[in-house]
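Colleague: Quick one: the structure is below, questions incoming.
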Amino acid sequence: MKQHATEIIFRNKLLILLPLLVLVPLSVAFALQPKAKKYQAFVGVWVDQYRPLYQDDRLGNTPAVNQAALMNDFIHTRSFALDVLKQTDLAPSLTTPAAEDYAVAKFVKAVQVQPTGGSFMTVQVVMDNPNLTYQVARGVMTSYQTVLQNQKDAQVSAALSLTSDAVTKAQDSLTQSQKALSDYIASHPQLVSKSTDSVLSPTERDATFARLVDKVASDQQKLDGLQNRQYGIEQDSAAGQQSLPFTLTVVDQPRKPTAPLGTKKVELLKLPAVGMALGLVLSGLVAVLLILTDRTVHGVSDVQQLLGVPVLGEVGELRGYRWPFRRRANALRLRRWFWLRKPRDVVRLRLAAPARYDAGYTIEP
C-alpha cells in the first residue's frame, strides 16, 4: 500500500501541488498590494459611576466596563450613527437610504470603545480621512452626552409628573381627612371640653375619633414623603449633567491625526501564512482522493496484491532523450535529473521469487 501511494503521489505531483502553487503566490500578491492609509483619533474618558448603582445587583462590573458596553450599544444603532455623521463632512452625501446604509456600516466598523481601567475608557476611531476621523471622534462624544442628558431629562420629567400627581392626590386626601375630623369634633364638643372629669384621653374614650386622628396623621406623613421626593427630583434635575447615572469627563480631547498608521510586519505575513496553510490542506485532500480512487497497476506489489502470484522479473520503462541537442550534451544534461533513466538502463531485471513452471510467471510492462 505504501509503494502504491508513493507511486501515485510521484506520478501526480504537479496536480497535488497545484493548490499550493496557486494559493501561495496569490496570497503574497494580495499581501504586497498597496493599502489605503488609515488615520487614528482617540478620546480618553474618565467615568464616575453614580453611587447608588454600586448597590444594583445587575451591575457587577466596574464603571468603565458598564459605560463602554452602553456606549457600544448606542454606536451600533442607526439613529445614533446618523446623528454623528450629520456633524461631519459626510452630511451632504446622506441623501439616499443606500448612502445612509453605507455610511452607517463604515461608521460602525470605524468606532470602538474599550475600557482601559476601572474608571477610564478610550473611544478609538480609525478611518481613511484625517478630517473625517477627527470629526467622528468629536461627534461621538457630543452625541453620546446629549443622548444621556436627553434620556435623563425625560426620566426626570416623567418622575416629576408622576410625583406631582401623587402630591395632589395626597393633598386632597389630607384635606378630606382633616375636614372629617373637624366635622366630628364639631358634633362631639365634649371630646375637647376641659370640664370633663375623665382621666382617659379623647382617643381612648372614642374609637371613631381615634381613627380619624390616625387617618389625618397617616395622610400628613404620606404627603410629607411625596413632597420630599419631589424636592429631591427637582434638585436632581437642576444639577443637569452632574445628575447623570454615569458622569463622563473627557480627559484627552480628540486631536486631528497628522500621520497615517504604520503597517505591522505580522499583518503582512498573516495572509501568506493563511494561503500556505489552505494550500497544504487542499493538496493533502487531493493526494488522499487520488490514492483512494486510483486503481491502476503501477508496480510489482500491485500485481502480487491483485493476482496473488509471484513475480519473476520486471522490465524497466523505456525513456529516450527529450531535448533536441547533441547526444553528448544531452547525456550530460540528463545526469542532473535522477528520475530520467539512461538508454543503457532500458532493461532492468529484478528477481522477486524463484520461477516455477506450475505457478506461471508475470512480466510487468
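The values are calculated or read from the model by the stated rules, or taken from the named source; none is laboratory data. Not measured: the values here are computed from a predicted model. Here Cβ is always computed from backbone atoms with ideal geometry, including for glycine, and neighbour counts include all displayed protein chains.
Colleague: What is the residue count in region 102-145 for residues that are of a type in the set (S, T, N, Q) and farther than 13 Å from residue 87 by Cα?
Modeller: So the answer is 8.
Residues are listed down the side, and each one gets a yes or a no for (1) basic (Lys, Arg); (2) modelled with pLDDT of 75 or more:
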{"position": "232", "(1), (2)": "no, yes"}
{"position": "235", "(1), (2)": "no, no"}
{"position": "243", "(1), (2)": "no, no"}
{"position": "255", "(1), (2)": "yes, yes"}
{"position": "269", "(1), (2)": "no, yes"}
{"position": "282", "(1), (2)": "no, yes"}
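Colleague: Another question, then. Among all residue pairs at least 6 apart or on different chains, which show Cβ distances below 9 Å where the first residue, located in region 1-13, is over 18 Å from residue 282 (Cβ atoms) and the second is charged (D, E, K, R) and assigned to a helix (DSSP H, G or I)?
Modeller: Taking only residues 6 or more apart or on different chains, the pairs are 3/302; 4/302; 7/302.
Colleague: I would also like to ask the following. In region 27-48, how many are under 26 Å from residue 272 (Cα atoms), surrounded by 14 or more Cβ atoms within 10 Å (Cβ to Cβ) and over 24 Å from the mean Cα position of the chain (by Cα)?
Modeller: Here the count works out to 3.
Colleague: Determine which member of the set 202, 130 is modelled with pLDDT of 80 or more and either under 18 Å from residue 73 (Cβ atoms) or not acidic (Asp, Glu) (or both).
Modeller: Being modelled with pLDDT of 80 or more and either under 18 Å from residue 73 (Cβ atoms) or not acidic (Asp, Glu) (or both) holds for just one of 202, 130, which is 130.
Colleague: Next question. For residues that are modelled with pLDDT under 90 and either within 13 Å of the chain's Cα centre (by Cα) or not in a helix (DSSP H, G or I) (or both), tally how many sit in region 66-85.
Modeller: Looking only at that region, the number is 1.
Colleague: Looking for something surrounded by fewer than 13 Cβ atoms within 10 Å (Cβ to Cβ), basic (Lys, Arg) and part of a helix (DSSP H, G or I) - is there at least one such residue anywhere in region 4-26?
Modeller: Yes, because at least one residue in region 4-26 is surrounded by fewer than 13 Cβ atoms within 10 Å (Cβ to Cβ), basic (Lys, Arg) and part of a helix (DSSP H, G or I).
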